[in-house]
Structure formats: structure tokens, C-alpha cells
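The values are calculated or read from the model by the stated rules, or taken from the named source; none is laboratory data. None of the values given here were measured: they were computed from a predicted structure. Positions of Cβ are generated from backbone atoms using ideal geometry, with glycine treated the same way; all protein chains shown enter the neighbour counts.
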Amino acid sequence: MNIYAQRVPALSIVACCAAASACSSPKSTSGSISPKLMADALHAVMESDRTVYTKFVVNRLTKEEKVIEATEHWKDESTLPLPAQMFRMGAEMASAKQLGFTYSLLSKWPINKQNTPRTEVEKVGLDFVAEHKGENYYAEEVLGDAKYFTAVYADTAVAEACISCHNDHPDSPREDFVLNEVMGGVVIRIAR
Amino acid sequence: MLSWKWILWAIGSLLSFIGLGLLMTSPNHISLFANSRTLLLPGRTTDGHYQIELSCESCHSAPFTDVNALQDACIRCHGEELSRVEDSHPRAKFTDPRNADRVAKLDARWCITCHREHQPEVTSAMGLSLPTDYCFACHENVGSDRPTHKDLGFETCSINGCHNFHDNQALYEDFLTQHRDDQATDVNAKLPERNLREWALTNTSVREIAKPIHLGSNDHNAPATTKNIGLVVQDWSESSHAASGINCLDCHRSEDGTWQNNLDHQACKRCHPSEIEGFMTSRHGMRISVGLSPMQPSLARLPMRTQSSHKTLTCESCHASHKYNTSHAAVEACIGCHKDRHSLEYKNSPHYALWQKSVAGQGSPGSGVSCASCHFPRIANYTDRNRVTVVHNQNDYLRPNEKMIRPVCLSCHGLGFTLDALADSSLVQSNFQSTPKPTVDSINFATVLRWSLEGRRPPWEKNSDKPQPKQ
């Protein structure tokens, strides 16, 4: 459930201290890394890698140089995986390592309905990051029998390839996405 | 002084320990007790596992195994295939905390939630030990997203040729719509040609063995002392081995370089690694891979010919030495053992007529359809896409039979025809001696869905104005 939603960076130091004192993050060795800091760090890597792939691989090769396409059925069609698929494949590989965290890419307007927000924190978090540009959403929630620190980060359309794919896909509920618009969110969960 | 009761107790205990020890002994260590472990089986094993049921440790890798160890055992044998077919329901989907409520209803994190072993009273096709409406646990609202599915029973999702829990490579919506207008049969279709020889001549691991020269009977390098070698040399000289410069010693050389008379699959593996790897995980070789004696037709649950009961299944069983005639391996070797109705009807089928023409030289290469064409298909190698190899693990494309659609059936037939044919069990039994009736709705469903999604038009009908599903 939603415990606290914070504006970054205003309350981040407080949150870091509070979370650090309570944190027993699964793979933290010193005990000094708060779940929030860990989530932010994970997101920085995810966002950077995905932006690099989207801009310098997919967008460059499909839109600028037009040498190959990026399609949903990339294996069958010998094309590039879509950035969202690359992200999801990475999430599954990371999850298999059972390091105490998971992440996913969700949207209020997903192409695959399974990626619609399901938990209360996901729903509130996606609304929050869409309405508060540049801010993240943090909360704690209990899912099943386990407690999680959950962070939600805005997922923004960084390249033409993002919006053209979503606007043209027959399963997409929207066809009016524009560049730099928040299309959804990255949700990172850290087991407590 | 010890009473006679204590002496009897001691003797009884000793005999119990000895008996238990013999039961627990690996079945191949003491042949007298080879089947003693059957006493430990808690129930009839599934058709997929019965061959290796006496190798308890293959699944129960440690005493009192926990679910993690059992999962590891499942993945050891089935993980590669699940990964290769892009499992539609990977474990990561269920270990994601956001699906905890779904896992509470159906704990699909573990293979054994759906595939419990030794429980025949609840086990159906594919080793499924759940009621067939398991899709409902997560997809109860499918009718709102897919109006075509609104009135369908959840027990029908996977049994009508529409969905497969793991492998949907030939069943996903875009694939269905792309193949909407396939013709039933392409009479000019050809199956892929193997290119093992070309691969062997360029692959570093085997090119020292395979050479671009055709050896004759006088070129053989078997020791002069080898007895009764005349017929063997003649068979070899007519084989693809001789045609690829492969001489006797290339196979019959032991590790210390001396002549070795008796060979096993290890000798073949040097040049045929993917074939051996497939064989070892197949219905034919899985017993060898877990340290049991080779499979024999007498051990099979499928109907087999009595006169073949004694045979043991190794490479040689189908690829009789030293001719290594692949045409023999593709048909006669199969029906020499199998006598289920599908096998018996093969020689009455249109597929066999094509095979006969091809073997007689009246059909072009690749136009014949043998048993192996469907059950040991020629595909681009899993790890080397430039090499066309014969899949030697028939499980890869056996059941559920939708697994055959892409690598096998679509080589010659359209998707709609294929879905209908594979869904008709009586047609399968008769070895496809007639034309299937249209029964599978999945292509129509996918077409209607695509056409109706927010008024968009499907990519293959840019100028269409309204949905016109295939009749």
C-alpha cells in the first residue's frame, strides 16, 4: 500500500536516512545502502542502457539510416527487438538470479494488457509520475506474504521510434503519444 | 544370555538393511536387482518419464528433495526447449511480486504445480495434473478483451488447437493473420536439404576427419587381421562416409590410437554432436543418458512389433552399419518396431506415395515425406543457423502436436489446413489419408480481432473497409 510519496530531491535525504535505518536489503553488504538508493541506482542503469539502445541502435538504424526494422516478432522477422522487449528480457534474466529485486515496465495504455498497473501502488505511482514531471514515487507494499519497497519512475518517449510504434500498433489503446511524453513507468521492487 | 527373540530381531534388522540397500542401489550396478526399485514407485509414472522411472535420482537429486531441487531437475532436461520456444509463461512472470495474487490461485512458479508425477488418477495428456480450465485463474476476463472468446469454456483453451501454455510460436495472433490466406497444400514444396558434408568440410572440429575425396573399397585402412571384413568394406564404400573421405580408423580409433572393434554413440559424436545430443534426450536415448540400459521395444508403452522386442536402441539400431542408409533410417527402421495405427497406416498415406516417388528418383529431392520428415525434421541447427540438421530428439516436435506446425507441416501446407488436420485425432490416426474438415477457429478469431480493433485495418488489407472474416 501507499505509505509515502515523496518529491525528489526535497525529501530524498530524509527518505534515505529513514529507509537506511530500517533496511535489510537482500544483497546489501554494509547495511548502509537504503532501498531507495538501491532502486535509484538500478533505475539509473536501466534508464541509461535503454536510452542508449533506443536512440543509438533502434532509432538510428530504423529511422535515420533505415537499414533494418525493429519489430515485435524480431526473431521470426530477423529484425531488432523493440526497446520494451529488450527491457523485459533483461528483467526476466535479472529475476532469475533471485537477488531480491524485480522490475517491470508498465503503462496505463499498454500494448499488452498484462502490463496494466495491477496493485494500488502501481496505479497511484503511474498517475503520480505522469502528473509530476521529473519526480519519482516511492512506497511500501505487501504482496502475498512479503513486504516490498516499491519505486516508480516515469517512462518517457525519448525517440521517434517510441511513439510511432505505440501509435501505430493495433493493440495500443492510444495513437496520440508525442515525443517526451510520459508513456508509462518503470516499477522496481526490493524485498524487505 | 541372549534370548531367541533378540537373535531373530537382529537377523530381521540385518535382512531389512540389506534389502533396503539393494532397493536403493543404482539399477545398473546389480543386474539381478535391476527392477527392484519398481517397489519404491509411489504410482504409475507419466508417459514422458516412465523410461527413466528407475533412475529415481534423475529427478530426486537428493533424499527428501525440496521443490527447488525438483524444479532444477525439470529445468535440466526441459529448460533448453522452454527457452528456445520462448516460453509464453516463463517462471519470471510468476516470481514477479505483482502477480502474487495470481500465484495464490495457481502457483505456476513450479513445474510440479501443473505436472505432478506418479499420480495417474489426476494426470491427463501432456502430463498435466490440473483440471483443463487452469487458464481461468489469470485470464478470467478474456471475454472483454477478446469478444470472440466470450462464450468459450476455459477447458477448451488448449485442447482445440488454439493455445499452448508454453509454446505459441505457431499460434500467436499476428502469425495466424499473416497465414490467413495460405493455400492448403503447395504441391511443389520441398523439404530442406541436409548440408552436413559441406559443414563438416569447413568446421574446424571435424575437417581433419571429413575430406573432399571419395574413398573406394581398396582405400580402407582397417587392420589386415580384421575378420570377415569383405561385406563391411563393400557397405562402407557405398556409404556417405566413404564419399566424404572418412575411413575405418576415423571411427574405430580408440583414445590410445589403437583399433577398437565395438563402438558406441561417443564415436559418432565427434562428427555428429547435435544429433547425439538430441538422441540422448529423445525417447530412444534417454535411458542411456541417465545410466540405464538402452531402450528396448519390449519396454515401450506404445504398441511395438513382437519380433523387434529384443532390439536395443543405439545409433546403429536405425543407422545400420556400415551403409548408414538414411532412407532406411527414415522409414523402414521406424516401422520395423512401431506398430501403432498411425505407423501402420503410413504406407497407405499420400505422404508415403510421395516418398516412394522420391526414392525411385521420380520426384525431386526433398519432395518425399518419410516418418523422419515429420518426427525427425530437418531444420536450421539450433546453434548454427547455417547448418541444416536432422533433429534427433522427437520430443522437440511431438506433443502437443502444434509443436510440429512450423518446423514440419508449414513446409508444405497452409496454417489453416495444418491446424485443422492436427486437431482431428482420427485423421492423425489414419496418417492423414483424407482432407481435414475446418474446425479450428483461431485464424478467424485473430482476423476478426485485428479488423475490429478500434476501427483499424489489418496490415495485409490496407484498403479494406470492414471486417470480412474468412468463411
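Scanning the stretch B:423-467 for residues that are modelled with pLDDT of 90 or more, part of a loop (DSSP other than H, G, I, E, B) and of a type in the set (A, V, I, L, M, F, W, C) yields B:Phe432, B:Val440.
Which one is nearest to A:Phe149 (Cα to Cα), of the residues in the stretch A:122-133 that are of a type in the set (D, E, K, R) and away from every other protein chain (no Cβ under 12 Å)? Walk me through how you get there before you give the answer.
Step one: list which residues in the stretch A:122-133 are of a type in the set (D, E, K, R), which gives A:122-123, A:127, A:131, A:133.
With away from every other protein chain (no Cβ under 12 Å) added as a condition, the list becomes A:127, A:131, A:133.
Values: A:Asp127: 18, A:Glu131: 21, A:Lys133: 21 Å.
Selected residue: A:Asp127.
What about B:Arg301, is it touching a residue at least 60 places away in the same chain (Cβ under 8 Å), over 28 Å from B:Gly368 (Cα atoms) and under 22 Å from the mean Cα position of the chain (by Cα)? I'd like the intermediate steps shown before the answer.
Details: touching a residue at least 60 places away in the same chain (Cβ under 8 Å): yes; over 28 Å from B:Gly368 (Cα atoms): yes; under 22 Å from the mean Cα position of the chain (by Cα): yes.
Judged against the criteria, B:Arg301 is a match.
Number of residues in the stretch A:54-103 that are touching a Phe, Trp or Tyr at 6+ places or on another chain (Cβ under 8 Å) and over 30 Å from A:Thr150 (Cβ atoms): the value is 3.
Quick one: in the stretch A:113-146, which of the residues that are in a loop (DSSP other than H, G, I, E, B) and of a type outside the set (S, T, N, Q) is surrounded by the fewest Cβ atoms within 10 Å (Cβ to Cβ)?
Initial filter on the stretch A:113-146 (in a loop (DSSP other than H, G, I, E, B)): A:116-119, A:132-136, A:144-145.
Next cut, of a type outside the set (S, T, N, Q) only: A:117-118, A:132-135, A:144-145.
Numbers: A:Pro117: 21, A:Arg118: 16, A:His132: 15, A:Lys133: 11, A:Gly134: 10, A:Glu135: 17, A:Gly144: 13, A:Asp145: 7.
This residue is A:Asp145.
Matching residues to (1) in contact with an Asp or Glu (Cβ under 7 Å, 6 or more places away or on another chain); (2) within 9 Å of another protein chain (Cβ to nearest Cβ); (3) at pLDDT 95 or above:
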site: A:Lys147; (1), (2), (3): yes, no, yes
site: A:Cys162; (1), (2), (3): no, no, no
site: A:Asp171; (1), (2), (3): no, yes, no
site: A:Val178; (1), (2), (3): no, no, yes
site: A:Met183; (1), (2), (3): yes, no, yes
site: A:Ile188; (1), (2), (3): no, no, yes
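Of the residues making up the stretch A:55-70, those that are assigned to a helix (DSSP H, G or I) and without any contact (Cβ under 8 Å) to a residue 40 or more places away in the chain are A:Phe56, A:Val57, A:Arg60, A:Leu61, A:Glu64.
Here is a check on your reading of the model: is B:Cys111 in contact (Cβ under 8 Å) with a residue 40 or more places away in the chain, away from chain A (no Cβ under 14 Å) and hydrophobic (A, V, I, L, M, F, W, C)?
yes
The condition (being within 14 Å of chain A (Cβ to nearest Cβ), surrounded by 15 or more Cβ atoms within 10 Å (Cβ to Cβ), in contact (Cβ under 8 Å) with a residue 60 or more places away in the chain and not charged (D, E, K, R)) is satisfied by just one residue among B:Leu54, B:Leu82, B:Leu106: B:Leu82. What do you reckon, is B:Ser282 within 24 Å of B:Asn386 (Cα to Cα) and at pLDDT 95 or above? So B:Ser282 passes the test. Can you work out which of the residues in the stretch B:334-381 that are within 23 Å of B:Leu313 (Cβ to Cβ), of a type in the set (D, E, K, R) and not in a loop (DSSP other than H, G, I, E, B) is modelled with the lowest pLDDT? Across the stretch B:334-381, the extreme among qualifying residues is B:Arg378. If you go through the stretch A:64-81 and pick out every residue that is crowded, with 18+ Cβ neighbours inside 10 Å and either within 13 Å of chain B (Cβ to nearest Cβ) or closer than 13 Å to A:Leu105 by Cα (or both), you end up with 3. Of all residues being more than 16 Å from A:Ile188 (Cβ to Cβ) and among the hydrophobic types (A, V, I, L, M, F, W, C) in the stretch A:92-121, which is nearest to the other protein chains (Cβ to nearest Cβ)? Just the residue, please. Going through the qualifying residues, I end up with A:Ala96.
To keep it simple, each residue is scored yes or no on (1) touching a strand residue (DSSP E or B) at 6+ places or on another chain (Cβ under 9 Å); (2) of a type in the set (Phe, Trp, Tyr); (3) surrounded by 17 or more Cβ atoms within 10 Å (Cβ to Cβ); (4) in a loop (DSSP other than H, G, I, E, B).
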{"residue": "B:Cys268", "(1), (2), (3), (4)": "no, no, yes, no"}
{"residue": "B:Cys271", "(1), (2), (3), (4)": "no, no, yes, yes"}
{"residue": "B:Ser274", "(1), (2), (3), (4)": "yes, no, yes, no"}
{"residue": "B:Glu277", "(1), (2), (3), (4)": "no, no, yes, no"}
{"residue": "B:Arg283", "(1), (2), (3), (4)": "no, no, yes, yes"}
{"residue": "B:Gly291", "(1), (2), (3), (4)": "no, no, no, yes"}
{"residue": "B:Met295", "(1), (2), (3), (4)": "no, no, yes, yes"}
{"residue": "B:Ser298", "(1), (2), (3), (4)": "yes, no, no, no"}
{"residue": "B:Leu302", "(1), (2), (3), (4)": "yes, no, no, yes"}
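In the set (1) free of Cβ contacts under 8 Å to residues at least 24 places away in the same chain; (2) in contact with an Asp or Glu (Cβ under 9 Å, 6 or more places away or on another chain), B:Ala421 fails one condition alone, (2). Among the residues of the stretch B:240-263, is any over 30 Å from B:Ile288 (Cα atoms) and either without any contact (Cβ under 8 Å) to a residue 24 or more places away in the chain or touching a Ser or Thr at 6+ places or on another chain (Cβ under 6 Å) (or both)? There is no residue in the stretch B:240-263 that is over 30 Å from B:Ile288 (Cα atoms) and either without any contact (Cβ under 8 Å) to a residue 24 or more places away in the chain or touching a Ser or Thr at 6+ places or on another chain (Cβ under 6 Å) (or both).
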